[in-house]
Amino acid sequence: MSLVNMKELLAKSDSSFAVGAFNVSDMEMAMGAIKAAEEMEAPLILQIAEGRLRYSPLELLGPIMIAAARQCKMPTAVHLDHGRTFETVRLALTLGFTSVMFDGSHYPLEENIEKTKEVVAMADKFGASVEGEIGSIGGAEGDMASADIKVTSVAEARRFAEETKVDALAVAIGTAHGNYKETPHLRIDRLKEIHEAIGTPLVLHGGTGLTAEDFRNCLENGITKINIATASYDSSAAKIKEVYKAKPEANYFDFSEAICLGTYENVKKHMEIFGLRGKSRLYL
Ligand code: 13P
């Protein structure tokens, strides 16, 4: 099994399941995600966003993520989330990431298309897949500037998909990164329209805080990849606090295990909701 291209993982997704993409920031989180995937016998995407590299430099964390994916018994892709610069995208590809996202959603459409096309050409040389973004997903992923939601238009999504030929497309349908301050209003109607208009696998960002019903609604209407970041960070942080409360004399290794366990529990919970149990058999 081990390290695979993201495109291959998404190709098998149908309206009964979506592949979970889980952000990690250290070895412990990667280990937790892998343990969950192996127990669930599920495909996995490990990812890190450019906005988090201040804490986890790509040169250091990237090789750990790739080694973790190689060791995982389930098919695992390693993906750069929200790549903002060509330098970071190039570095991820050089390190062996099997997929990169170029997030040009803050540029005017023409410029987003041109820059994304350059990334597609670059990734092609490495046999890696590319995710693009059109519209604007709310909130911020790490150091990335906070944005208001701008729902993806069908016409723009069609043009973007046709011209860039990305392997996956992140759409803005009312979700936002981080914990929701108020209940999000999901535009399932728009998701359906985009799905009917283009064949490109669609990606849902801002998964933290959505209900199981929201997730099912999204994957039944065209979403093939779902991103979860904040929920794993929160789950790991909560586990550390729990360990400390129960055992104030806890040492470094107790906390290290807590991070792993917090991520494991969160990833497993989401994999169950995404319909991923046993789905690794589709990739044999
Ligand atoms: P959350 O932090 O809301 O789970 O969003 C994750 C995400 O979309 C990463 O790109």
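We did not get these values from a lab; they are worked out from the coordinates using the rules stated. This one's a predicted model, so the numbers in the text were calculated from it and none came from an experiment. Positions of Cβ are generated from backbone atoms using ideal geometry, with glycine treated the same way; all protein chains shown enter the neighbour counts.
Net charge near Asn179: determine it from the other residues with C-beta under 14 Å of the C-beta of Asn179, scoring Lys and Arg +1 and Asp and Glu -1. Result for the neighbourhood of Asn179: -2.
Could you work out which residue, out of Gly142, Gly32, Gly222, moves most in a Gaussian network model of the chain, that is, has the largest mean-square fluctuation with Cα springs under 10 Å? With Cα springs under 10 Å in the chain, the top fluctuation among Gly142, Gly32, Gly222 is at Gly142. Equivalent-ellipsoid semi-axes for the range 140-284 (Cα gyration tensor, √(5λ), whole Å, largest first): 34, 18, 13. For the range 224-232, putting each phi into the Karplus relation 6.51 cos²θ - 1.76 cosθ + 1.60 with θ = phi - 60° gives couplings of 10, 9, 10, 8, 10, 10, 3, 4, 6 Hz, in residue order, rounded to whole numbers and with x for Gly and Pro. Between Ser99 and Val78, Leu80, Ser129, the built amide H atoms are under 5 Å apart, and every one of these is 5 or more places off in sequence or on another chain.
Each residue of the range 151-166 is assigned a 3J(HN,Hα), and the resulting list reads 4, 5, 8, 5, 4, 5, 4, 5, 5, 4, 5, 5, 7, 8, 6, 5 Hz, derived from the Karplus form 6.51 cos²θ - 1.76 cosθ + 1.60 (θ = phi - 60°), x at Gly and Pro.
If you count Lys pairs in the range 167-284 whose Cα atoms are under 29 Å apart, skipping same-chain pairs closer than 8 places in sequence, the total is 27.
Compactness ratio for the range 138-212: Cα radius of gyration over 2.2 N^0.38 Å (N = residue count) comes to 1.13. The residues Leu46, Leu93, when put in order of fewest to most other Cβ atoms within 10 Å, stand as Leu93, Leu46.
Using the C-alpha gyration tensor of the range 1-97, what are the square roots of 5 times its eigenvalues, in whole angstrom, with the largest one first?
Details: eigenvalues 92, 45, 26 Å².
Ellipsoid half-lengths, sorted descending, are 21, 15, 11 Å.
Restricting the calculation to Cα atoms, the chain yields a radius of gyration followed by a Dmax of 17.6, 59 Å. Working note: 222 nm ellipticity from helices only, DSSP H runs with n ≥ 4, each -39,500 (n - 2.57), summed and divided by the residues of the chain, gives -14500 deg cm²/dmol to the nearest 500.
When +1 charges are put on Lys and Arg Cβ atoms and -1 charges on Asp and Glu Cβ atoms, the dipole computed for the range 1-109 relative to its Cα centre reaches about 160 debye. From the largest down, the range 1-46 spans 31, 20, 19 angstrom on the principal axes of its Cα atoms. For the range 59-208, relative contact order (Cα pairs under 8 Å, six or more residues apart, normalised by length) works out to 17 percent.
Dipole check for the range 57-134: with +1 at the C-beta of Lys and Arg, -1 at the C-beta of Asp and Glu, and the Cα centre as origin, the magnitude is about 460 Debye. Neighbour counts of other Cβ atoms within 10 Å put Ile137, Ile194 in the fewest-to-most order Ile194, Ile137. Determine the dipole magnitude for the chain: charges of +1 sit on the beta-carbon of Lys and Arg, -1 on that of Asp and Glu, nothing else is charged, the reference point is the Cα centre, and the result goes in debye to the nearest 20. My answer is approximately 500 debye. The order of Phe215, Phe126, Phe86, Phe97, going from fewest to most other C-beta atoms within 10 Å of their C-beta, is Phe86, Phe126, Phe215, Phe97.
Please check: in the Gaussian network model of the chain (C-alpha springs, under 10 Å), which one of Gly62, Gly138, Gly127 has the largest mean-square fluctuation. Per the Cα network of the chain with a 10 Å cutoff, Gly127 tops the list. Taking amide H positions as modeled 1.01 Å from N, with prolines and chain starts lacking one, the residues under 5 Å from Ile45 and 5 or more places away or on another chain are Gly20, Phe22, Ala77. Length, then width, then depth: along the principal axes, the Cα atoms of the range 80-134 run 30, 17, 15 Å.
Just to check, using Stokes-Einstein with a Kirkwood Rh over alpha carbon pairs, what's the diffusion coefficient of the range 206-284 at 25 °C and 0.890 mPa s in µm²/s? Once the numbers are plugged in, D ends up at 174 µm²/s. For Ala170, the residues 5 or more places off, or on other chains, whose built amide H falls under 5 Å of its own are Gly132, Glu133, Ile134, Val203. For the listed residue pairs Lys7/Lys35; Lys35/Lys73; Lys12/Lys35, the alpha carbons are over 18 angstrom apart in Lys7/Lys35; Lys12/Lys35. Using the Cβ-Cβ distance between Glu114 and Thr183 with R0 set to 41 Å, the FRET efficiency works out to roughly 0.65.
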